[in-house]
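These notes are about the structure you will find just below.
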Amino acid sequence: MHPDGGKGLPPGQLCHVAGPADGAFVVIALWDSEASWASFRDGTLLPGLATVENGPPEPPQETTFQVYNAVSA
C-alpha cells in the first residue's frame, strides 16, 4: 500500500517499521500530522485492506501517541 511497490513512503509519513510480535503483526508509522495519517488511513489503507483476500476481518487496532523525540542512526 506504499508507493513505489512498497519502497517509498506516502505523503506525510516520516518512518515505517513493522514485524511480528506475540502472535500479531505490529506496525509503527511516524506521521508529520494527524491529518496526514487520517488521509492515508481513510483513502488508502482501509480501502486496500478491504480488497485483500483472507485479509483482516476488521480494521486494525489503532494506538496513537505524541512523539517528543526521534533519533535516527
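Of note:
- Residues Trp31, Trp37, arranged from fewest to most other Cβ atoms within 10 angstrom of their Cβ, appear as Trp37, Trp31.
- In plain terms, the chain from Glu62 to Phe25 could stretch by 12.1 nm, reckoned as 0.36 nm per residue minus the Cα-Cα distance.
- Highest-MSF residue in the chain out of Leu45, Leu30, Leu14 [GNM, Cα springs under 10 Å]: Leu14
- Most to least packed among 62-73, 17-28 [average Cβ atoms within 10 Å]: 17-28, 62-73
- Between the entries (i) 6.1; (ii) 5.6; (iii) 5.2, the label attached to mean projected area of the Cα convex hull in nm² calculated for this structure is (i).
- Mean separation of Cα contacts under 8 Å (6+ apart) over length of the chain, as relative contact order %: 21 percent
Every read-out reported here was derived from the displayed coordinates using simple, explicitly stated rules and does not represent laboratory data. For clarity, every value in this text was computed on a predicted model and none was experimentally measured. No Cβ is skipped: glycine too gets one built from the backbone with ideal geometry, and neighbour counts run over all protein chains shown.
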